1. Using DSSP, restrict attention to beta bridges with both residues in the chain and report what percent are antiparallel, rounded to the nearest 5.
2. Taking the convex hull of the Cα atoms, report for region 103-152 its projected area averaged over all directions, in nm².
3. For T36 paired with D161, estimate the spin-label separation in nm (one decimal), with each label point 7 Å from Cα along the Cα-to-Cβ line.
4. With +1 on the Cβ of every Lys and Arg and -1 on the Cβ of every Asp and Glu, and nothing else charged, how large is the dipole of the chain about its Cα centre, in debye rounded to the nearest 20?
5. Across region 46-56, in residue order, what do the Karplus-derived ³J(HN,Hα) couplings come to in whole Hz, using 6.51 cos²θ - 1.76 cosθ + 1.60 with θ = phi - 60° and x for Gly and Pro?
6. Report the equivalent ellipsoid semi-axes for the chain in whole Å, largest first, defined as the square roots of five times the eigenvalues of the gyration tensor built from alpha carbon atoms.
7. With θ set to phi - 60°, apply the Karplus curve 6.51 cos²θ - 1.76 cosθ + 1.60 along region 142-147 and write out the HN-Hα couplings as whole Hz, x wherever there is a Gly or Pro.
8. What order do you get for 145-158, 2-15, 25-38 when each peptide is scored by the mean count of other beta carbon atoms within 10 Å, highest first?
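Taken together, the values in this text are just the output of simple stated rules run on the coordinates, not laboratory data. From a predicted model like this one, the values you see are computed outputs, not experimental measurements. Heads up, the Cβs are rebuilt from the backbone with ideal geometry, glycines too, and the neighbour counts pull from every protein chain shown.
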Amino acid sequence: MTRVFFVRHAEPDKTIKDDRNRPLTERGIASTPFVTRILSDKGIDVAFSSPYKRSMDTIKAFTDSLGIQIKTDERFREREGGTPGQGLRKNPERWKSLSWKKEWGECIAEVRKRNIEALMDVLDKYEGHNIIIGTHGTALSTILDYLSPEYGYDDFIRMMDWMPNIVEIVFDRKEVVAINELGHLGQ
């Protein structure tokens, strides 16, 4: 079995407009020990992350405690948002029609495609390992939507304010055996 532990980043500082380099808030930094507490006994031996600062910083103390280097993969990055104010909470059409988008930015189908490709590459290369992946809410939601027929827009909304959020997906090769919500902070 391969176990992948997705960690949606802790609370980001939204006053910083540079999405790629947006740091965690003080509250976000203070919540990162939660990741270590939940994952310390999981035997994790491989680490990946979105290259975005908030995702890497959410798992860094944990991976440092294990002496594991974080490998970044651009495909695990956040959704390119498009027009400000056109987010997923305000536009459930993005989930109803996966190719829906306004002006520039990525649609859900594009985000899902690149995240699933990255995940399948990780599963090919690290079969039998326990892997942590630092990620984002939309990216994680597209993966769950692809892998689980029960997952959808209402689940995305339910998990939107969970930062950090930890979800374990157990694979037998590339077949999903189980999806487990391990814990989250937030509302």
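1. 55 percent
2. Answer in nm², one decimal: 4.3.
3. Using points 7 Å along Cα→Cβ, the separation is 2.8 nm.
4. About 440 debye.
5. 9, 10, 10, 7, 4, x, 6, 3, 5, 6, 5
6. 24, 20, 15
7. Going residue by residue, I get 5, 5, 4, 4, 5, 8 Hz, with x marking Gly and Pro.
8. Per-residue mean Cβ counts within 10 Å order the peptides as 2-15, 25-38, 145-158.
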